[in-house]
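S.K.: Okay, here's the structure, questions in a sec.
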Ligand SMILES: NC(=O)c1ccc[n+]([C@@H]2O[C@H](COP(=O)([O-])OP(=O)(O)OC[C@H]3O[C@@H](n4cnc5c(N)ncnc54)[C@H](O)[C@@H]3O)[C@@H](O)[C@H]2O)c1
């Protein structure tokens, strides 16, 4: 498929499980991908891997929990490549705990990474999209933002806010042809999920059994959905929260 030829796509958290799959997917479909992560080494590995496979990418290290890094990142991309067609706000962290167990830092850092980054990155990118006549933004929420799992109050609340942010942004900028949608993944096999499984003493097989489809999801499956939402095939999708859970969300 060549849906993203001549397009510049930014993916945050692109050194991680889902973000690296999203980056590879866009590159396979012809995009120039800006692979960005706080872990610069991981971002460079993904970018080099894309280049080895014949795709086009550049790695930029940025800590998107900091407003200044967000504005610098968008400024650098627009300055060097002159366009921003797609922004994928994928980076996220998961600090486990109920209200009394969480530290102040857990709460504030979760919101800084999972939500405030989107505020800053979208504020910086949207003027360029308006100037270009449109664009697409795909945010990563979570099924837990819509149907909370226990003992993850900071994560779940931040993801519920991502869902609300997505709908508000879509409503405000649809007239400028900026389509904003969110994916709400269920259990997806990534380093974040592996860490959670280890902490809880469960196994991947235990999680597989919780999913009516019979297994947890793959990062590539989320990447396919993100690419669809960012593509012209989803031209009338704006303000949608799309669950991708193997029916766990309706179990
Ligand atoms: N894995 C799942 O089951 C699952 C389910 C629902 C939603 N999600 C969401 O999907 C997204 C990707 O998760 P994943 O499972 O691939 O996790 P991951 O831990 O594999 O990847 C997350 C990436 O984000 C990066 N990151 C963290 N803080 C950052 C910061 N301050 N600035 C820039 N980058 C930063 C990390 O370095 C990492 O590379 C997250 O938003 C997560 O909440 C994951």
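S.K.: So what's the angle, to the nearest 10 degrees on a 0 to 90 scale, between helix 153-173 and the longest Cα principal axis of the chain?
M.R.: Compared with the principal axis, the helix lies near 30 degrees.
S.K.: Also, I was wondering about something else. Quick one: Kirkwood hydrodynamic radius for segment 81-167, alpha-carbon pairs, angstrom, one decimal? Can you show the working numbers first?
M.R.: On the way: mean 1/r = 0.0727 Å⁻¹.
Kirkwood radius, segment 81-167: 13.8 Å.
S.K.: Okay, moving on. In nm, what is the difference between 0.36 nm times the number of residues separating residue 130 and residue 103 and their Cα-Cα distance?
M.R.: Working: separation 27, 0.36 × 27 = 9.72 nm, distance 3.96 nm.
Difference between extended and current length: 5.8 nm.
S.K.: Cα centroids of segment 14-79 and segment 159-178: how far apart, whole angstrom?
M.R.: Segment 14-79 and segment 159-178 have Cα centres separated by 23 Å.
S.K.: Distances over 16 Å make up what percent of all Cα-Cα pairs in segment 161-251? Before the final figure, lay out the partial values.
M.R.: Working: 2489 of 4095 pairs.
Beyond 16 Å sits 61 percent of the P(r) for segment 161-251.
S.K.: Right, another one. Given the rule -39500 (n - 2.57) for each run of at least 4 DSSP H residues, summed and divided by the residues of the chain, what is its mean residue ellipticity at 222 nm, to the nearest 500 deg cm²/dmol?
M.R.: Rounded to the nearest 500, it is -14500 deg cm²/dmol.
S.K.: Moving on. Along its principal axes, what span do the Cα atoms of segment 143-184 show, with the longest given first and each in whole Å?
M.R.: If we take the Cα atoms of segment 143-184, the spans are 40, 14, 10 Å.
S.K.: If the chain between residue 205 and residue 218 were fully stretched, how many nm would it gain, using 0.36 nm times the residue separation less the Cα-Cα distance?
M.R.: Details: separation 13, 0.36 × 13 = 4.68 nm, distance 1.42 nm.
Working it through step by step, the gained length comes to 3.3 nm.
S.K.: Jot down the radius of gyration and Dmax of the chain, Cα atoms only, both in angstrom.
M.R.: My reading of the Cα-based Rg and Dmax gives 17.1, 51 Å.
S.K.: Stick to the Cα atoms of segment 44-128, pair each with every other, and give me the Kirkwood hydrodynamic radius in Å at one decimal. Before the final figure, lay out the partial values.
M.R.: Numbers: mean 1/r = 0.0686 Å⁻¹.
The answer is 14.6 Å.
S.K.: What is the order of 245, 203, 36, 140, fewest Cβ neighbours within 10 Å to most?
M.R.: Details: 245 22, 203 11, 36 33, 140 26.
Fewest to most other Cβ atoms nearby, the residues stand as 203, 245, 140, 36.
S.K.: In 10 Å bins starting at 0, how do the alpha-carbon pair distances of segment 85-232 split up by percent?
M.R.: It works out to 11, 38, 33, 15, 3, 0, in whole percents.
S.K.: How high is the relative contact order of segment 117-194, given as a whole-number percent (alpha carbon pairs under 8 Å, six or more residues apart)?
M.R.: Dividing the mean separation by the residue count of segment 117-194 yields 38 percent.
S.K.: Something else about it: Can you compute log10 of I(q)/I(0) for segment 185-230 with the Debye formula, treating each Cα as one identical point scatterer, at q = 0.13, 0.19 Å⁻¹?
M.R.: Cα-only, vacuum Debye calculation for segment 185-230: -0.32, -0.61.
S.K.: 7 Å from Cα along Cα→Cβ at both residue 168 and residue 119: what's the point-to-point distance in nm?
M.R.: 0.9
S.K.: Could you calculate the contour length gain from residue 198 to residue 53, that is, 0.36 nm times the residue separation minus the distance between their Cα atoms, to one decimal place in nm?
M.R.: Details: separation 145, 0.36 × 145 = 52.20 nm, distance 3.28 nm.
My answer for the length gained is 48.9 nm.
S.K.: Sorted from largest to smallest, which semi-axis lengths in Å does the alpha carbon gyration tensor of segment 75-121 give for its equivalent ellipsoid, taking the root of 5 times each eigenvalue? Walk me through the numbers on the way to the answer.
M.R.: Working: eigenvalues 199, 17, 9 Å².
Three semi-axes, in Å: 32, 9, 7.
Only the coordinates and a few stated rules stand behind these numbers; no lab work does. Every value quoted in this text rests on a predicted model; they were computed, and no experiment measured them. Reconstructed Cβ throughout: ideal geometry from the backbone, glycine too, with neighbour counts over all protein chains shown.
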